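Please treat every number below as a calculation from the coordinates, not as lab data. As the structure is a prediction and not an experimental result, all values here were calculated from the model. Neighbour counts run over all protein chains shown; Cβ positions are idealised from the backbone, glycine included.
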Amino acid sequence: MLFCDCVQDYFRTYLRQQRGYGANTIGSYRDTFRLLVAYMAEMGLRVEALEMADVGSELVTGFLCWLESSRGNAASTRNVRLAHVKSFASYIVTVSPEDAGACASIASIPSKRQRTAPPDSLSKDEVTCLLAMPGTDTSSGLRDSAMLALLYDSACRAQEIADMDVSSVTVRGACYARIDGKGGKGRTVPLLKETGELLSAYIDAFGLSLDSPLFVNRSGRRLTRSGVSDVVERHWRRVVESQPDVARHDVARPHLLRHSKATHLVEAGVNVYYVRDFLGHESVATTMVYLKHNVERTRQIVEAASEGLAKPSASFYTQDKKAELLSFLETLV
């Protein structure tokens with residue numbers, strides 16, 4: 001099969017129909033193949049005439065090295081691109097068995113070892129300053145205050161916030177938000193009463209109906225993911241300028257608020273399985289990175305689990321017992 005035909009079939013049949021991936025995930029895969037095609041062109045290959053059998057481990061390994069050397073990509077980004085190409089190769093084997101050799105060679109390419117650093121997070125003081133920065137005296141400030149509070153309180157991703165309608169949140173009584181997560185996985189998370197009050201005041205001030213987008217711009221249109229990011233970054237710059245003694249980060253983006261909420265939940269002793277469900281992670285292994293982040297909390301858990309089992313050595317061998325032992329030894333001679 002031609003490589004071009006394989007790629008189109010992979011996106012249409014596998015990613016969209018079989019896996020049902022959303023626009024953001026498909027966009028990430030698309031970027032990988034755009035870069036792969038750019039590399040092929042740079043190598044002088046006629047992409048439109050390239051057979052899948054010619055796309056093996058040698059070409060893909062060269063592509064991965066090009067990502068690092070020419071584009072300055074980190075090992076983590078390189079590994080994501082490799083995972084996308086491996087997924088592509090695994091699918092092509094099922095529809096074009098004659099290309100199994102090339103696909104098997106791609107599958108054998110190892111990921112590059114990378115340093116596993118814990119997620120960065122804002123301190124509670126930093127979060128407090130950010131949430132207070134917009135104020136509620138103006139309509140734009142009220143909107144931004146409600147958005148920032150919901151971003152942190154729900155640990156939503158920027159796209160999840162942008163996709164919400166007014167009907168996605170319950171702001172009276174028991175407050176909670178219904179979130180359409182990655183891969184079509186929905187979850188419901190509780191919200192603080194204060195967040196519900198901010199959202200209620202914002203919805204009333206803007207006259208939004210249940211079927212309206214939750215956050216809108218000045219034209220009344222749904223705010224985009226980049227618009228959500230702009231709100232966070234703009235107010236964080238004000239925090240850095242006005243509270244330099246508090247701000248430890250030069251830049252803050254929506255996902256940093258998500259990491260911060262997860263870290264603060266773990267610090268508060270919330271069971272990691274509850275944190276997993278709160279964040280919408282598919283596997284608890286993804287959530288465990290927040291435990292690694294908080295060494296002090298891990299120490300407290302270990303000490304609590306060992307309480308009463310380990311005792312100070314002095315309780316086993318006191319000075320009185322030492323004197324008794326010496327007296328006993330003296331009677332032996």
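Structure values in brief
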{"item": "Cβ-Cβ FRET estimate between residue 46 and residue 120, R0 fixed at 56 Å, reported to 0.05", "result": "0.80"}
{"item": "Computed E for residue 289/residue 320 - FRET, C-beta separation, R0 51 angstrom, nearest 0.05", "result": "0.55"}
{"item": "Peptide ranges 174-181, 143-150, 324-331 listed from the most packed, as the mean C-beta count within 10 angstrom indicates", "result": "143-150, 174-181, 324-331"}
{"item": "Whichever aspartates and glutamates have a C-alpha closer than 13 Å to that of residue 193, once near sequence neighbours (fewer than 8 apart) are set aside", "result": "153"}
{"item": "Principal axes of the chain: Cα extent on each, largest first, Å", "result": "98, 68, 37"}
{"item": "Rounded FRET efficiency, nearest 0.05, which uses the C-beta distance separating residue 234 from residue 28 and R0 of 35 Å", "result": "0.85"}
{"item": "Highest-first arrangement of 100-106, 257-263, where packing means the average Cβ count within 10 Å", "result": "257-263, 100-106"}
{"item": "Extreme residue, positive dipole direction of the chain, given options 188, 255, 69 (C-beta unit charges)", "result": "188"}
{"item": "Where labels lie 7 Å past Cα in the beta-carbon direction, separation of residue 75 and residue 329 in nm", "result": "5.4 nm"}
{"item": "Potential lengthening between residue 95 and residue 17 on full extension [0.36 nm per residue; Cα-Cα distance subtracted]", "result": "26.6 nm"}
{"item": "Packing rank of 246-255, 66-75, 230-239, where each peptide gets the mean count of other beta carbons within 10 Å, highest leading", "result": "230-239, 246-255, 66-75"}
